[in-house]
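First the structure, in the form of C-alpha cells, and then the observations on it.
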Amino acid sequence: MEFLIVFVVAAVIVLYAIGLYNRLVFLRQNRQNAFSDIDVQLKQRFDLVPQLVESVKGYASHEKSVLENVTAARAGIQKTAGASDDRLKAEQALGGALVGLFAVAENYPALKADQNFQQLMAELSDIENKIAAARRFFNNATSELNTMVQQFPASIIANMYKFHTENFYEDASVDRATLEKAPAVKF
C-alpha cells in the first residue's frame with residue numbers, strides 16, 4: 001500500500017513537470033509565431049525603404065547623412081535573423097533612421113506634394129500601424145513566457161531546460177523620457 005501511494009505521488013509530480021515543460025514550449029513557440037507576424041510587416045517596410053530613399057534623394061541631395069543612415073540601418077537588418085536581440089536592435093535602428101528621413105521630408109514642400117512620395121508614405125503608415133499591432137501581440141507573448149519562466153515551480157523546469165526571459169520589442173521612435181514626463185498645461 002505504501003508503495004502505491006509513493007508511486008501515485010511520484011506519477012503526479014512527473015505529470016505536473018511534463019505539463020509545465022509543455023506550457024513553456026507552447027509559450028516559446030507562441031512568441032516565435034508572434035515575431036513571425038512582425039517579420040512579415042518588417043519585410044514589407046524593408047522593401048519600401050529603397051523607394052522612399054530614392055524619392056527623397058531627388059529633392060534632398062544635400063541631406064546625404066540622413067539617407068546614408070537609413071541605408072546603413074537597412075543593411076544592418078540583412079545581417080541578422082529571427083527574434084534575436086541583434087535583429088530587434090537593427091529594426092529599432094531602421095525605425096529611428098526613418099524618423100530622420102521624415103524630418104528631412106518636412107523641409108521640402110515639393111517632395112511632400114509629390115504623388116509618388118505621398119503614396120509611399122501612405123503605404124508606410126499602414127505598415128507601421130500593422131507593425132505596432134503585431135508588436136503588441138509579440139510583447140504580450142513575451143510577457144507570458146517571461147512570467148512563466150520566473151514563476152515557481154515552473155522556474156525549476158525552465159532552468160533545467162534552458163528557458164530564459166526574453167527581451168521585449170521596443171519602438172525606437174518613441175522617446176521614453178518624453179512619455180514619462182507629464183506635460184505642463186497652462187491657461
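A few comments on the model shown:
- Filter result for residue 34 (at pLDDT 90 or above and under 33 Å from the mean Cα position of the chain (by Cα)): yes
- If the condition is being under 21 Å from residue 43 (Cβ atoms) and touching a helix residue (DSSP H, G or I) at 6+ places or on another chain (Cβ under 7 Å), then the stretch 88-115 contributes 90, 91, 93, 94, 97, 98, 101.
- Residues (at pLDDT below 90, among the hydroxyl-bearing types (Ser, Thr, Tyr) and closer than 25 Å to residue 39 by Cα) located in the stretch 105-164: 125
- Considering residues of the stretch 1-47 that are charged (D, E, K, R) and touching a Leu at 6+ places or on another chain (Cβ under 9 Å) only, the residue surrounded by the fewest Cβ atoms within 10 Å (Cβ to Cβ): 28
- Which listed residue, of 101, 67, 94, is part of a helix (DSSP H, G or I), under 16 Å from the mean Cα position of the chain (by Cα) and crowded, with 19+ Cβ neighbours inside 10 Å: 94
- Every residue from the stretch 104-161 that is under 23 Å from residue 83 (Cβ atoms), hydroxyl-bearing (Ser, Thr, Tyr), in contact (Cβ under 8 Å) with a residue 12 or more places away in the chain and surrounded by 14 or more Cβ atoms within 10 Å (Cβ to Cβ): 142, 143
The values are calculated or read from the model by the stated rules, or taken from the named source; none is laboratory data. All values reported here derive from a predicted model rather than from experimental measurement. Please note: Cβ atoms are built from the backbone with ideal geometry, for glycine as well, and neighbour counts cover all protein chains shown.
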